[in-house]
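A.B. asks: Quick one: structure below, then a few questions.
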2 protein chains.
Amino acid sequence: MANATLDVVGIGNAVLDVIAHADEAFLRKHRLVKGTMRLVDAKEAEVLYGEMGPGVEISGGSVANTMAGVASLGGRAGFIGKVRDDGPGQVFRHDITSAGVTYRMPAASSGPATARCLILVTPDAQRTMNTFLGACVELGPEDLDRELIEGASVTYLEGYLFDPPRAKAALRQAAAMAHAAGRKVSLSLSDPFCVERHRADFRDLVKHHVDILFANEIEICSLYETKDFDAAAKAVRGDCEIAVLTRSAAGSLVVTPGEHVAIAPQMATRVVDTTGAGDLYASGFLFGLTRGRPLADCGRLGSLCAAEIITHVGARPEANLRDLAKAAGLA
Amino acid sequence: MANATLDVVGIGNAVLDVIAHADEAFLRKHRLVKGTMRLVDAKEAEVLYGEMGPGVEISGGSVANTMAGVASLGGRAGFIGKVRDDGPGQVFRHDITSAGVTYRMPAASSGPATARCLILVTPDAQRTMNTFLGACVELGPEDLDRELIEGASVTYLEGYLFDPPRAKAALRQAAAMAHAAGRKVSLSLSDPFCVERHRADFRDLVKHHVDILFANEIEICSLYETKDFDAAAKAVRGDCEIAVLTRSAAGSLVVTPGEHVAIAPQMATRVVDTTGAGDLYASGFLFGLTRGRPLADCGRLGSLCAAEIITHVGARPEANLRDLAKAAGLA
């Protein structure tokens, strides 16, 4: 296996987030399920935006957030995802590039606008997401940057890629490309409803093509159609090399064929907005893994990054994560 | 004097902020003076944006921030300022409208893009601003909404209006319109360099047309060309009915012909970004004043609002200010 030129390359939806505070009544009125992501079309997005409160616009996208976190930790990260050549697309490109992530895919010059995610943050700091996929629906196998994928220690994919029609093929091809180059493939299950929508595909993918899986408690239980977390953890153990199962305030569990490593949660100084907690956990874990750290340290790095992101609005780190990791004796 | 239909109507630049963290070296490299605002053209803005870090986009504009604060306190606020009919203009309109501020000026269908302010926040939480005025340069006397101005207890103006060429005339006319309707006129000096640029005009305005003046220590000293704060406070006492002089961590001083009221600062739970501290102080003060509160309470309300805004990135309140005021026994 040739030396890696990147630690992680991520493939995912390129999204600009619009984050606003909302109360429980607002969620009820719009029949939104707290803590989940749903897809909306351009019209629904417009109506919801019109009714939601004042927003903060900040680059998002699950995998893109993870890559920004890897870069903030001092890792070498790349991103593949599609924007349109519009204002939000320029903002997305500026933000990910200036965060130190390699992003060289050209913007689409026609087709739908850059994706937006309308995120409602309730007083309990939970986020509820409404995604207009826009230009992301155009991502296809022809967009894969072979050089980035073959050069990265890990290719990291999001389950959300199963939503746009052509990205699923791109995801499968990227996994094959990475494995052919002797690299690892990692997947995040993204969202419980996303698992519901694509369970059979995900099961096949996890069993045959994924080396490192990220899932939260609800997602992993949904994947294996059980209500018992321990049963789900047992099931995934046979399916992939490393499964990283996050449980919010209960910490996380790293499951491998040989061991279970429990990671204590890192307490945040305050909890304002949980958007991006899972994404940034993955940043820390993948960074640690590509640097050859023990699994327990990988998990601690993940918890550290998640604890930073929930102290403020938005899913891109405000603090320098490398400094935080150093202060915690993890870098 | 007829009953007011609004507590405050603000006239100012309609701006979308792009806020990024930066270090001292970045300010030095770009020869920026920390804590101040400078005007940039479209080209300079593009270059600076290309070099600055990942940003958060959030509606701004000094007076617009103040009006959002008044509305969050439960006051009736209106805003007059010009955007273009572009994406950022739509974001600005959405944010101020959904904050509960009356904003009914149509967007310009031609001319420069909606204004942007590139804000660099250094590790000491200070902000340094670079404003591309864009569509704001088109604001003129014909844009004044007579009904809003005549119906508001206070017409609040920003010194920044002296920068775009035609807004100065609009500002003078708005002051005359408000006074003719028996209303009060308030002005914020905005920025030390802004005072430098327009000192003679400001002196005349303060002496003859302003009832309630807001200035920080540096601005008021610059206005009266003195290095002695007490001398400046004495000078302004003869010039207008109420002068509100803010001194950051040293609190604030309210000066009237008859009394000096010193207000202790309100300590923030944490200080992340001082953008908007002065704007939100004005929100609290003007809200208290229009509700007939004693000057000391007006100052305390100002300090309370300023203390909220500096705990997070951006100059629009994240918390409900009315709830905070209630909790502090001020509403």
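The values are calculated or read from the model by the stated rules, or taken from the named source; none is laboratory data. All figures in this text were calculated on a predicted structure; none of them were measured in a lab. Here Cβ is always computed from backbone atoms with ideal geometry, including for glycine, and neighbour counts include all displayed protein chains.
A.B. asks: If B:Pro54 passes every condition in (1) more than 12 Å from chain A (Cβ to nearest Cβ); (2) under 26 Å from A:Leu16 (Cα atoms) but one, which one does it miss?
C.D. replies: (1)
A.B. asks: Moving to a separate point now. Among the helices (runs of 4 or more DSSP H) confined wholly to the range A:158-222, which include 2 or more residues that are more than 14 Å from the chain's Cα centre (by Cα) and under 26 Å from A:Thr290 (Cα atoms)?
C.D. replies: Qualifying helices (runs of 4 or more DSSP H): A:167-180, A:199-208.
A.B. asks: Of the conditions (1) surrounded by fewer than 24 Cβ atoms within 10 Å (Cβ to Cβ); (2) touching a strand residue (DSSP E or B) at 6+ places or on another chain (Cβ under 8 Å), B:Thr275 clears all except one; give me its number.
C.D. replies: (1)
A.B. asks: Can you confirm whether A:Ala327 is away from chain B (no Cβ under 14 Å), more than 30 Å from A:Thr128 (Cβ to Cβ) and out of contact with any strand residue (DSSP E or B) (no Cβ under 8 Å at 6 or more places or on another chain)?
C.D. replies: Considered against the rule, which asks whether it is away from chain B (no Cβ under 14 Å), more than 30 Å from A:Thr128 (Cβ to Cβ) and out of contact with any strand residue (DSSP E or B) (no Cβ under 8 Å at 6 or more places or on another chain), A:Ala327 comes out as yes.
A.B. asks: Okay, next question. Where residues in the range B:241-276 are within 14 Å of another protein chain (Cβ to nearest Cβ) and charged (D, E, K, R), which of them is farthest from the chain's Cα centre (by Cα)? Spell out the reasoning first.
C.D. replies: Within the range B:241-276, the first condition is being within 14 Å of another protein chain (Cβ to nearest Cβ), and the residues that meet it are B:268-273, B:275-276.
Then keep just the ones that are charged (D, E, K, R); that gives B:270, B:273.
Working: B:Arg270: 22, B:Asp273: 16 Å.
Among residues in the range B:241-276 that are within 14 Å of another protein chain (Cβ to nearest Cβ) and charged (D, E, K, R), the one farthest from the chain's Cα centre (by Cα) is B:Arg270.
A.B. asks: Then there is this: Any residue that is surrounded by fewer than 17 Cβ atoms within 10 Å (Cβ to Cβ), closer than 30 Å to A:Ser98 by Cα and either in contact with a Ser or Thr (Cβ under 7 Å, 6 or more places away or on another chain) or more than 14 Å from chain A (Cβ to nearest Cβ) (or both) - is there at least one of those in the range B:59-72?
C.D. replies: Keep residues of the range B:59-72 that are surrounded by fewer than 17 Cβ atoms within 10 Å (Cβ to Cβ), which gives none.
Checking the range B:59-72: not a single residue is surrounded by fewer than 17 Cβ atoms within 10 Å (Cβ to Cβ), closer than 30 Å to A:Ser98 by Cα and either in contact with a Ser or Thr (Cβ under 7 Å, 6 or more places away or on another chain) or more than 14 Å from chain A (Cβ to nearest Cβ) (or both).
A.B. asks: Turning to a different aspect of this structure: Considering only residues that are under 21 Å from the mean Cα position of the chain (by Cα) and of a type in the set (Val, Ile, Thr), look in the range B:32-56 and name the one that is nearest to B:Arg127 (Cα to Cα).
C.D. replies: That would be B:Thr36.
A.B. asks: Report, by residue number, each residue of the range A:80-102 that is surrounded by 21 or more Cβ atoms within 10 Å (Cβ to Cβ), within 12 Å of chain B (Cβ to nearest Cβ) and in a loop (DSSP other than H, G, I, E, B).
C.D. replies: Scanning the range A:80-102 gives A:Ala99, A:Val101.
A.B. asks: Pick from the range B:152-177 the residues that are closer than 18 Å to B:Ser283 by Cα and among the small types (Gly, Ala, Ser): which of them is surrounded by the fewest Cβ atoms within 10 Å (Cβ to Cβ)?
C.D. replies: My answer is B:Ser153.
A.B. asks: Okay, moving on. Where in the range A:3-74 are there helices (runs of 4 or more DSSP H), lying fully within it, with 3 or more residues that are under 28 Å from B:Leu321 (Cα atoms)?
C.D. replies: Details: elements: A:24-29, A:42-51, A:62-72.
It comes to A:24-29, A:42-51.
A.B. asks: Could we say that A:Cys298 is buried (at least 24 other Cβ atoms within 10 Å of the Cβ) and over 24 Å from A:Arg93 (Cβ atoms) here?
C.D. replies: Spelling it out, A:Cys298 is indeed buried (at least 24 other Cβ atoms within 10 Å of the Cβ) and over 24 Å from A:Arg93 (Cβ atoms).
A.B. asks: For the range A:281-297, state whether one or more residues are at pLDDT 95 or above, outside any helix (DSSP H, G or I) and among the basic types (Lys, Arg).
C.D. replies: Yes, because at least one residue in the range A:281-297 is at pLDDT 95 or above, outside any helix (DSSP H, G or I) and among the basic types (Lys, Arg).
A.B. asks: Within the range B:50-72, can one find any residue that is of a type outside the set (A, V, I, L, M, F, W, C) and more than 22 Å from B:Ile309 (Cα to Cα)? Even if it seems obvious, please write down each step before you answer.
C.D. replies: Of the range B:50-72, the ones of a type outside the set (A, V, I, L, M, F, W, C) are B:50-51, B:53-55, B:57, B:59-62, B:65-66, B:69, B:72.
Checking which are more than 22 Å from B:Ile309 (Cα to Cα) leaves us with B:50-51.
Among the residues of the range B:50-72, at least one is of a type outside the set (A, V, I, L, M, F, W, C) and more than 22 Å from B:Ile309 (Cα to Cα), which makes the answer yes.
A.B. asks: Got a number for residues in the range B:298-318 being assigned to a helix (DSSP H, G or I) and of a type in the set (Val, Ile, Thr)? Step through it out loud before you land on a result.
C.D. replies: Pass one, the range B:298-318, residues assigned to a helix (DSSP H, G or I): B:298-309.
In the following step, the residues that additionally are of a type in the set (Val, Ile, Thr) were identified as B:309.
Residues flagged as assigned to a helix (DSSP H, G or I) and of a type in the set (Val, Ile, Thr) within the range B:298-318 amount to 1.
A.B. asks: I need the full set of residues from the range A:20-51 which are away from every other protein chain (no Cβ under 12 Å), at negative phi, of a type outside the set (A, V, I, L, M, F, W, C) and in contact (Cβ under 8 Å) with a residue 40 or more places away in the chain, in order please.
C.D. replies: Hits for the range A:20-51 are A:Glu24, A:Lys34, A:Thr36, A:Arg38, A:Asp41, A:Glu44.
Residues are listed down the side, and each one gets a yes or a no for (1) more than 20 Å from A:Thr66 (Cβ to Cβ); (2) in a strand (DSSP E or B); (3) within 13 Å of chain B (Cβ to nearest Cβ); (4) modelled with pLDDT of 95 or more:
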{"position": "A:Ser110", "(1), (2), (3), (4)": "yes, no, no, yes"}
{"position": "A:Arg116", "(1), (2), (3), (4)": "no, yes, yes, yes"}
{"position": "A:Leu120", "(1), (2), (3), (4)": "yes, yes, yes, yes"}
{"position": "A:Val137", "(1), (2), (3), (4)": "yes, no, no, no"}
